[in-house]
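Taking it in order: structure first as structure tokens, then the write-up.
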Amino acid sequence: MEMERSSVDLILQLFDIGAVKFGSFKLKSGITSPVYFDLRVIISYPDILIAVCEIMWKHIESNREKFRVICGVPYTALPIATVICTTNKFPMVIRRKEAKDYGTMKIIEGVFEQGSNCLIVEDVVTSGSSVWETTVSLQDAGLTVTDAIVLLNRQQGGREMLESRGITLHSIFTLTEVVTCLNKEKKISDSMVSEVKDFIANNNTFTPNPDMDVKPRRKSKEDATAKSYRNSIPDIEQVTYESRGVLCKNEVAARIFRIIHDKQTNLCLSADVDSAVELLEIADVCGPHICILKTHIDIIDHLTPNISKALTELSKKHNFIIFEDRKFADIGSTVRQQYSAGSYSISEWADLTNAHSLPGPGVIEGLKAAVQNRKDRACLLIAEMSSKGNLADANYTKATVQMAEDHRDFVIGFISTSKVTTDPTFLHMTPGVKLQPGDGQLGQQYLTPDEVICKRKCDIIIVGRGITLAANRLQAAIEYKNAGWKAYLDRVNA
Ligand code: 5BU
């Protein structure tokens, strides 16, 4: 179909101001793309900003009765939503991007009626995860979301992913339309068009499940959408950390997925040293390259409250999670005391801890009781161990997974040496990792980062002596970080 002249003009203007670029661009996911969109620049060209808003409004205007408010996905779409709303006298809400300090800060700003339908506005959609993230926040605040409008659909699975979760995506242009138009207008060559088309064909981020109803309409609760999403994923290992984080209701799990995505590291450093000074030094030096710092606080000589305070400061400075590998394994009332009291006061400074499932669910209830309703504390269950001759057989692992499923509010995943569940909101953290595989001292068994992340489909590598005993710890941490991330990219792009 022939494109309207006004649409052609807009595409040409976007090309002229560098909002559409061709070349070789490394995307957030690590994939190299021949085309890149940077719609942030349009705020410097008011006429173009207005033209973008007009074309988007025109597309949605006939449906205006369906929506009560509009929300732009932060940040690029915020000015777009603002111009659309002010020009057309439509109420708007803003979603804060900073998901911190829930207690004092509202995530959704603006006045709206509970249950009213909110239209999401976005500039570019690739996998759809940003639109989905905004949807979840809006739903949590009591709004309904059925539709999103986007200026450009990169045709990489975002529309299908959102559709599978009950959101209809309206787009003004597809990537194919943009390159076809620019080619017709002699701005890009035929070979560039083929390159982009090949890129689209080979880089779809969404795999629908053929057994599933292709259009499950979302019920009003987020639980239902998350469930239908889970059912729609045959190969969870190909779903990105970022998308999985969006599905997590548990704050600690969501934060871990976000840190992994933002810092591009699935490395947990096990800082098993006995000197507090060394522990803090390792945390400071390697902090930028890890998502989690794992401690065994009971092996530190002369522990003082200042040490956990300093560790907390470093975790803020470098944005990592503190995981005390305490392996609780007693009756509920005892672990409650062990977790919160004594000279370690673990629950005060460790975001994450772990427990054996051996004692039964009481161990989880006890830990939960110690931290009551704190949303910034969570626990992993030990479903499998890395040590030779350990007694965790298949039945034990299965029962552990069941126990985790029964306590999703507090249990966010597993210590395991393989993937033990397909639930995308559960994390799998694997110890016994070294670049050189094989048997270690005193029964430890090592696997490589590639084996753990790419082949066994786990999420986080836990590395101790591979880094702590290296001549240059920083260099070793970077090496493990790169190996873990490469294995992840190989897995999601397989
Ligand atoms: P290493 O130096 O990379 O071998 O250290 C592994 C760390 O992981 C160490 O702190 C162990 O206590 C921890 N670990 C483990 O190795 N195997 C397991 O099954 C569990 C924990 Br559970």
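For the chain, the relative contact order is 9 percent, taking Cα pairs closer than 8 Å that sit 6 or more residues apart in sequence and dividing their mean separation by the residue count. Taken over segment 128-181, the convex hull of the Cα atoms encloses 63 Å³ per residue. Note on segment 348-427: Cα-Cα pairs beyond 22 Å make up 21% of the total pair count. Just so you know, the averaged projected area of the alpha carbon convex hull for segment 237-492 sits at 12.1 nm². A 1.4 Å probe, protein heavy atoms only, puts the accessible area of ILE43 near 110 Å².
On the chain, 51 percent of the accessible area sits on carbon and sulfur atoms, based on a 1.4 Å probe. For the chain, the per residue solvent-accessible surface stands at 45 Å², with DNA, RNA and ligands left out and a 1.4 Å probe.
Which entries of LYS368/LYS457; LYS398/LYS486; LYS316/LYS455; LYS249/LYS375; LYS309/LYS481; LYS249/LYS368 show an alpha-carbon separation above 22 angstrom in the structure shown? With Cα atoms farther than 22 Å apart: LYS368/LYS457; LYS398/LYS486; LYS316/LYS455; LYS309/LYS481.
Rounded to two decimals, the Cα radius of gyration of the chain over 2.2 N^0.38 Å is 1.05. Contact order, relative form, for segment 237-492: 20 percent (alpha carbon pairs under 8 Å, 6 or more residues apart, mean separation divided by residue count). Taking SER387, SER315 and ordering them by how much accessible surface each has at a 1.4 Å probe, largest first, produces SER387, SER315.
Remark: segment 49-207 is approximated by an ellipsoid whose semi-axes, taken from the C-alpha gyration tensor as √(5λ), come to 30, 18, 13 Å, largest first.
A run of the chain free of exposed loop cleavage sites, with GluC sites (Glu not before Pro) counted only in DSSP states other than H, G, I, E and B and at most 11 other beta carbons within 10 Å, reaches its longest extent at 114-494. Is the shape of segment 1-53 rounded, prolate or oblate, going by the alpha carbon gyration tensor and its root eigenvalues a ≥ b ≥ c, with a/c under 1.5 for rounded and a/b larger than b/c for prolate? Taking the square roots of the gyration eigenvalues as a ≥ b ≥ c, segment 1-53 is oblate. Restricting the calculation to Cα atoms, every distinct pair contributes to the Kirkwood radius of segment 264-342, found to be 13.2 Å.
Each residue of segment 144-157 was assigned a 3J(HN,Hα) from its phi angle through the Karplus curve 6.51 cos²θ - 1.76 cosθ + 1.60 (θ = phi - 60°); the sequence is 9, 10, 10, 9, 9, 10, 9, 5, 9, 9, 6, 6, 10, x Hz, with glycine and proline shown as x.
The values are calculated or read from the model by the stated rules, or taken from the named source; none is laboratory data. Keep in mind it's a predicted model, so treat the numbers as computed, not measured. We place every Cβ from the backbone using ideal geometry, glycine too, and count neighbours over all the protein chains shown. With ligands, DNA and RNA removed, areas are computed over all heavy atoms of the protein, side chains included. Shrake-Rupley method; radii C 1.70, N 1.55, O 1.52, S 1.80 Å.
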